[in-house]
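Okay, so here's the structure we're looking at.
The values are calculated or read from the model by the stated rules, or taken from the named source; none is laboratory data. This structure is a prediction, so every number in the text was calculated from the model and none was measured. Cβ placement follows ideal geometry from the backbone for every residue including glycine, while neighbour counts extend to all protein chains displayed. For accessibility, only protein heavy atoms count, side chains too; no ligands or nucleic acids. Shrake-Rupley method; radii C 1.70, N 1.55, O 1.52, S 1.80 Å.
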Amino acid sequence: FITNNMGKISSDKIDVSSHSQISQRVKMSAPYFYYKDCSQEREEDLMTPLVKPLHSPSFVMKLHAVLMRDDLKSIISWLPHGRSWKIIHEREFEIRTLPIYFNLKKISSFHEQAAEWGFQRFKTGPDQGTFYHERFLRGLPHLCKKMKNASLSRSMVYVEHIEEFVEPNFWQISSEHPVPEKLDPQDVQSIELKKINECILDKGHRAKVPASFMRKKKSMSLEIQNEAAKRIVSERPNRRPVGGGGTAFSVLAKFRRQDLNSKHEIQLEPETKPKESKGGERGGRLGSQVLAQLSNSR
């Protein structure tokens, strides 16, 4: 996004503070050039919500929530490839969205905030005028957890200092690595974004998500827990959580606690058959079954 050091639109500078120092990157081949594809990054911490409980959503989470609203698609929407977005009707956006979500009145103020978060704007090509950030992708809001509101006074680099700066071609990139068309309505992140919309529409731009917003066992289906546990365990082929058994969600919790409490190796448990929980509950057997299946496969 083209700005000057006062946050105003200009034509000679580019803010790369939250863009991983584009000027220091090695130029890649087309269609990426200086763009880093983050679409394959999985969510690292499945138990941390998009917004901390009793906190207000960040600018980027509010923007994700706005873009998922079907009733606003005629005003602001994703491009078909899902890697950039555009404001279709600026005046309607100023009236229906800015005051409610961002406590702003003018579109120029919104542009300034977007610049602070590292968004850039296409100057040429089929995506001209649209905004993008390598960690702001349709259907992948968890990537925003690593986005930061950078100071405009830092890392301002002249475009001419970046040799042959070239904008990426998202149409070609998305043909190789497509992003989701939309979030599954039952997905935890989809539920959280809907809750953000509900809170803001009810209490305004200063709304804080309730304490119950923290991801809990009951908010994740057994299928989601199962898949998450399989992935976490498979990434640690020689490790097992102490005290096997319990739900798949508890398997994740045990790994997380052990990672935090140990600076080196996670404590290993002797190769014994995982104990099934008493009562024969499906959720209680899930974690043991996941670990047993993975052990047998290895």
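In this structure, is residue 136 at pLDDT 95 or above and touching a helix residue (DSSP H, G or I) at 6+ places or on another chain (Cβ under 8 Å)? Quick ask: steps written out before the conclusion?
Working: at pLDDT 95 or above: yes; touching a helix residue (DSSP H, G or I) at 6+ places or on another chain (Cβ under 8 Å): yes.
When the stated conditions are applied, residue 136 passes them.
Among the residues of region 130-149, how many are of a type outside the set (Lys, Arg) and either open to solvent by 20 Å² or more (accessible area, probe 1.4 Å) or part of a loop (DSSP other than H, G, I, E, B) (or both)?
10
Here's a check for you: in region 42-59, which residue that is under 19 Å from residue 118 (Cα atoms) and not hydrophobic (A, V, I, L, M, F, W, C) is surrounded by the most Cβ atoms within 10 Å (Cβ to Cβ)?
Of everything passing the filter in region 42-59, 57 is surrounded by the most Cβ atoms within 10 Å (Cβ to Cβ).
Any residue in region 83-104 that is over 19 Å from residue 171 (Cβ atoms), open to solvent by less than 50 Å² (accessible area, probe 1.4 Å) and within 15 Å of the chain's Cα centre (by Cα)?
Within region 83-104, none of the residues are over 19 Å from residue 171 (Cβ atoms), open to solvent by less than 50 Å² (accessible area, probe 1.4 Å) and within 15 Å of the chain's Cα centre (by Cα).
Would you pick out the residues in region 53-67 that are over 14 Å from the mean Cα position of the chain (by Cα), not small (Gly, Ala, Ser) and not in a helix (DSSP H, G or I)?
Of everything in region 53-67, those that are over 14 Å from the mean Cα position of the chain (by Cα), not small (Gly, Ala, Ser) and not in a helix (DSSP H, G or I) turn out to be 53, 54, 55.
Quickly run through region 167-190 and pick out the residues that are surrounded by fewer than 18 Cβ atoms within 10 Å (Cβ to Cβ) and either assigned to a helix (DSSP H, G or I) or modelled with pLDDT under 85 (or both).
Across region 167-190, the qualifying residues are 171, 172, 175, 176, 190.
Please state which of the following conditions residue 101 fails to meet, knowing it meets all the rest: (1) assigned to a loop (DSSP other than H, G, I, E, B); (2) closer than 17 Å to residue 204 by Cα; (3) of a type outside the set (A, V, I, L, M, F, W, C).
Every condition holds for residue 101 apart from (1).
From the list 41, 94, which residue is over 30 Å from residue 204 (Cα atoms), charged (D, E, K, R) and either assigned to a loop (DSSP other than H, G, I, E, B) or modelled with pLDDT of 90 or more (or both)?
Answer to the selection: 41.
Go through (1) under 23 Å from residue 129 (Cα atoms); (2) at pLDDT below 70; (3) polar (S, T, N, Q) and name the single condition residue 219 misses.
(1)
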